[in-house]
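Student: Take a look at this one; I'll ask things after.
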Amino acid sequence: MTLREASTRMTRATHRRPARPLRPAAVAVGTAALCAGTLAGCSPAGDAEAGAPDAPQAAAARPTTPVVLGDLVDGKRIPATLGYGTPVPLRSATSGGAGAAGERTGDAAGGGVVTGLPSFGDVIGRDGVLYSVDEREVRAMHGGVPLWRDLEQGLRGADVDQLKDNLRALGYDVADDDRFDARTRAAVTRWQKDRGRERTGVLGARDVAFVPGDVRVAEVTGRVGDPAGEPVYGYTSTTLVATASVSAADLVRFQGGVPVQVALPDGSEVPGTVRSIGEPSGGAGDESANGGDDGVTVTVGLETAPPEGTSTSTRVDLVVDGERRDGVLSVPVTALLAGTDGYTVEVVQDDGSTDLVPVTTGFFAQGRVEVSGEGLAEGDEVVVPS
């Protein structure tokens, strides 16, 4: 092609008719293709609304949860150890009258040799044999007052009352009072006869020892052949207890007979009752994440038996309530949106859109917060940011 021919063609193209406008369908297709190619900057209304604020996101595209009306409780889980509690030392009586259960009566130098002991884990009930000295069995009676004297006719007191409670429990005929009278002496004589003992009508520390109830042998420290008058073993309760070291801040949760649940590793819970609240300890076996050396030992008894196979090496949690609010509206803490004027929650409307509703916050517990505000009601769905 010559230079003249090329110039003529360019002149003709410049003067052609303008092209017809594209149909609306073509514009839409072209716009969609542009959006797909750039992945940004497009709005459903086209360029005329490109600079407008974003519309609220549809609630269906985000997780929501209902506003709940109910009780809000500040519960807490405190690590604990399952076992039988701290062993209580039991001292054998001497032939001269040394006491038992950690106490002494009479002369400790009275002599005698330990001739019989139970084994670890043995359970000893009322009238069961605790140990033997000089082949004389010392039997268990239930009570909290130690046997600090020989019990005989003419006496009265808490120790006599305890003895008579035990005699009645064993089927002997005695009055319900704290007097050691002739009727009590007759019952003691029959008890001695039934056990092949000399019938004196008098009971001393070489005959019986008072323990809190049925006991379990925890740790045997003495041996057969040892001189009498020294600790022979430690005993505990026969029921499992959970022991925890509790910080001073959490101690109030366990006072006043509040219910306690003992949470087991399998997720089940067993109801419990606070047995004792001790002094700051931090000794071996009492450490926890909530107390350490400054913790107070709290012992909780299990009211029902745990599942078969639960052992004393099982780690458990004490689940106990604290402060509470009854009959309040609450939402998850994560539903709160912070602003310059306070908090709001994003409430889903009937048409699927959402509105920001101002709320006043109250009590916080268990990951939820008490809320109140105009236009907020039980069952309203609120957005929970993911």
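Student: Label-point separation (nm) for Thr340 and Thr65, each offset 7 Å from Cα along Cα-to-Cβ?
Tutor: Each label point lies 7 Å from its Cα, and together they span 3.0 nm.
Student: Which cross-chain or sequence-distant (5 or more) residues have an amide H under 5 Å from the amide H of Val211, H modelled 1.01 Å from N in plane?
Tutor: Amide H neighbours of Val211, under 5 Å, 5+ apart: Met141, His142, Gly143.
Student: OK, next. Given a Förster distance of 35 Å, report the FRET efficiency between Arg183 and Gln255 from their Cβ-Cβ distance, rounded to the nearest 0.05.
Tutor: Once the sixth-power term is evaluated, E becomes 0.20.
Student: While we're on this one: At 0.36 nm per residue, and after removing the present C-alpha to C-alpha distance, how many nm does the segment from Arg136 to Leu155 gain when stretched out fully?
Tutor: In short, 4.3 nm is gained.
Student: Another question, if that's okay. So in segment 306-386, what percent of DSSP beta bridges are antiparallel if you round to the nearest 5?
Tutor: Looking only at bridges with both residues in segment 306-386, the antiparallel portion is about 100 percent.
Student: Taking loop as defined by DSSP and a crowding limit of 12 other beta carbons within 10 Å, which GluC sites (Glu not before Pro) in segment 109-165 fit?
Tutor: Loop-located and lightly packed - Glu135.
Student: Between Asp326 and Trp148, with labels modelled 7 Å along Cα→Cβ, what's the label distance in nm to one decimal, could you check?
Tutor: 4.6 nm
Student: Still on this model: By per-residue mean of other Cβ atoms within 10 Å, what is the highest-first order of 327-336, 166-175, 305-314?
Tutor: 327-336, 166-175, 305-314
Student: State, to one decimal in nm, how far the label point of Ala248 lies from the label point of Glu198, with both points 7 Å from Cα in the Cβ direction.
Tutor: That separation, rounded to one decimal, is 5.7 nm.
Student: Can you work out ³J(HN,Hα) from phi for every residue in segment 315-322, in order, using Karplus 6.51 cos²θ - 1.76 cosθ + 1.60 and θ = phi - 60°, giving whole Hz and x for Gly and Pro?
Tutor: Along segment 315-322, the couplings run 8, 10, 10, 8, 9, 9, 7, x Hz.
Student: Right, another one. On full extension of the chain, what length is gained from Ser372 through Thr273, given 0.36 nm per residue of separation minus the C-alpha to C-alpha distance?
Tutor: This chain segment gains 32.0 nm when fully extended.
We did not get these values from a lab; they are worked out from the coordinates using the rules stated. Nothing here was measured: the structure is a model prediction, and the numbers come from that model. No Cβ is skipped: glycine too gets one built from the backbone with ideal geometry, and neighbour counts run over all protein chains shown.
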